[in-house]
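Some notes on the structure that comes next.
The values are calculated or read from the model by the stated rules, or taken from the named source; none is laboratory data. Here the structure is a predicted model, which means the values were calculated and not measured. Don't worry about glycine lacking a Cβ; one is built from the backbone with ideal geometry, like all the others, and counts go over all protein chains shown.
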Amino acid sequence: MTALTFTLKNGLTHQLDCRRLTNQFLADHTIADIEAMTLESHHKVADWFTVSGSDASNIVFKQTNSYLTHIGHQMTKGRITIEGDCGDYLGQRMQGGSILCKGNAGDRAGDKMRRGILLIEGNTGDYCASSLMAGTLGVMGFTGRYLGYGMKRGTLLLAKQPTEQATWVDCGSHHLPFLKLLYQSFSHFDSQFAKLSSTRAQRWMGDISGIGKAEILFLNPD
Amino acid sequence: MKINGIQIDDTYAEAFNMRGTRVLITAQNLKWAYHAANAMTGFATSVIGCGVEAGIERELTEAQTPDGRPGVSILMFAMGSKVLMQQLETRMGQCVLTCPTAAAFSGIDSEDQISLGKNLRYFGDGYQIAKQLPDANGINQRYWRIPVMDGEFITQETTGMVRAIGGGNFLVLGKSQPQVLAACEAAIDAMKKLPNIIMPFPGGVVRSGSKVGSKYPKMFASTNDAFCPTLKGAVKTALDLDIESVMEIVIDGLTFEDIAFSMKVGIEAVCNLGADAGIQRISAGNYGGKLGPHLFKLHAILGGSS
């Protein structure tokens, strides 16, 4: 089966909520059914996407831009790949499965995420990992303001040094063999994340304005 | 039946049902993986006094372990699932959690899962972190990261528990103690290369084979007098006059076939030494059906008539 692919048509100049384009809504539907589905904005899927493929457990977004919001909202399983930029609320309330964004993401990526793996190869907007409860969020690029705001548990893996956050405490630099397990889970992706190898990371715990059981790991060279 | 001048008795080893599990132990290097594994499989020669029978199955390369570090796999067997769970948790806590750089992972798939680090996580006093990640096959596995003084202790939450067999065995009978021990060492060297089995006794060899029951009511096992050379004249002996020493190799394994094959490999290694090496006979621990339902017939295993 080929990946269920949503190719964005030209001309989108407003935000388009894509929360219904996940495995749980799309499984066992034909392309005609999917094209006729209504998005949150009352647009039909076919108004903005060309749909192809059949495997709803492997969803691909192509020719994307930052107007596409809520991709992977509450997804429970399967994989979503975004071959470009996306908008706000990527992976919000995610419950499982994995998302790979090959471009930049907007604000509040991973907001209230509870489980799964969310990987962003580009930059993120503000409030990345806000109120994240568990799971793993990786960012290769730069992160915006208010990183990990209200984050409760879970891991935020960064390749670029974050700006200092008042409510995160520095726990020092460490060799963490656990990262090898994490990298092995990334090996399933066609991504820069699959090339990571350093097991040395600077570790912060936070957000101490809340329960403070989350961690930010900034990867250092071995 | 004779092989290389060594008589193979027309008898069988009698084995019993057990529950088994496999745990993969990794560490910064093999030296520390062995430290953890040796501790974990220590004092685990016989269920009679140790609760479990355990041993190191084989070494693992970096490519064979979940965390890409060198390691060893261990097999652990008990008479029931409750004891196995209890012993595994205790040994994990005292032998692997405590060992610098060591980590523990499930080494066997099964519908029956038993706790590996599930309860050990509380040692983290609230700072433990659960991670659910896909393994090399894309199947989600749950791990625990427990903060300890050398960094983090990583353990998978559970491992599989399977039905297994314990007590496969054969006896090596010879003219002198050094010759019998040398023959047993040759057998163990050959058998250690095989998967899915362990020889739980010291060095893989046991010199105190037992019979069921005793003249003392409180003892449910006692010395196998029929095979004790110094009692040849005093009891109904199974030994010829020129046999001066007997040693036993006991095997626990995951399946009947694993044990049978390991017995064949071990016996053949002994027979390769020939009668000139002082080995007279190969026999087996046969308890007349009192011990267990699995019968390993020596002649059948070695490909002869039974």
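Values as computed for the structure displayed
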quantity	calculated
Top-ranked residue of region B:268-286 - restricted to ones that are under 20 Å from the mean Cα position of the chain (by Cα) and in a loop (DSSP other than H, G, I, E, B), ranked as surrounded by the most Cβ atoms within 10 Å (Cβ to Cβ)	B:Gly285
Enumeration of residues in region B:174-205 that are in contact with a helix residue (DSSP H, G or I) (Cβ under 7 Å, 6 or more places away or on another chain) and crowded, with 23+ Cβ neighbours inside 10 Å	B:Gly174, B:Ala183, B:Ala187, B:Ile197, B:Met199
In region A:147-201, residue surrounded by the fewest Cβ atoms within 10 Å (Cβ to Cβ) [restricted to those that are away from every other protein chain (no Cβ under 14 Å) and part of a strand (DSSP E or B)]	A:Asp170
Unmet requirement for A:Phe142, which otherwise passes all of (1) touching a residue at least 24 places away in the same chain (Cβ under 8 Å); (2) more than 14 Å from chain B (Cβ to nearest Cβ); (3) in a loop (DSSP other than H, G, I, E, B); (4) not polar (S, T, N, Q)	(1)
Single residue of B:Ile114, B:Ile129, B:Ile139 found to be away from chain A (no Cβ under 13 Å) and of a type in the set (Val, Ile, Thr)	B:Ile114
Selection status of B:Gly166, crowded, with 20+ Cβ neighbours inside 10 Å, in a loop (DSSP other than H, G, I, E, B) and either of a type outside the set (A, V, I, L, M) or more than 10 Å from every other protein chain (Cβ to nearest Cβ) (or both)	no
So B:Val250, is it under 19 Å from the mean Cα position of the chain (by Cα), crowded, with 16+ Cβ neighbours inside 10 Å, under 21 Å from B:Ala277 (Cβ atoms) and not assigned by TED's automatic domain parsing to the domain that holds B:Asn119	no
Region A:130-139 - residue that is in contact (Cβ under 8 Å) with a residue 40 or more places away in the chain and in a loop (DSSP other than H, G, I, E, B) and, of those, surrounded by the fewest Cβ atoms within 10 Å (Cβ to Cβ)	A:Gly135
Test: B:Thr65 is more than 12 Å from chain A (Cβ to nearest Cβ) and of a type in the set (Val, Ile, Thr)	no
Residue within region B:153-163 that is out of contact with any strand residue (DSSP E or B) (no Cβ under 7 Å at 6 or more places or on another chain) and within 12 Å of chain A (Cβ to nearest Cβ) present	no
Complete set of residues in region A:190-214 that are of a type in the set (A, V, I, L, M), farther than 14 Å from A:Met133 by Cβ and touching a residue at least 12 places away in the same chain (Cβ under 8 Å)	A:Leu196, A:Ala201, A:Met205, A:Ile208
Odd one out for A:Lys213, checked against (1) crowded, with 19+ Cβ neighbours inside 10 Å; (2) within 12 Å of chain B (Cβ to nearest Cβ); (3) closer than 28 Å to B:Gln64 by Cα	(3)
Hits in region B:94-103 (condition: away from chain A (no Cβ under 12 Å) and touching a strand residue (DSSP E or B) at 6+ places or on another chain (Cβ under 7 Å))	B:Val96, B:Leu97
Verdict on A:Gly53 being more than 15 Å from the chain's Cα centre (by Cα) and closer than 21 Å to A:His188 by Cα	yes
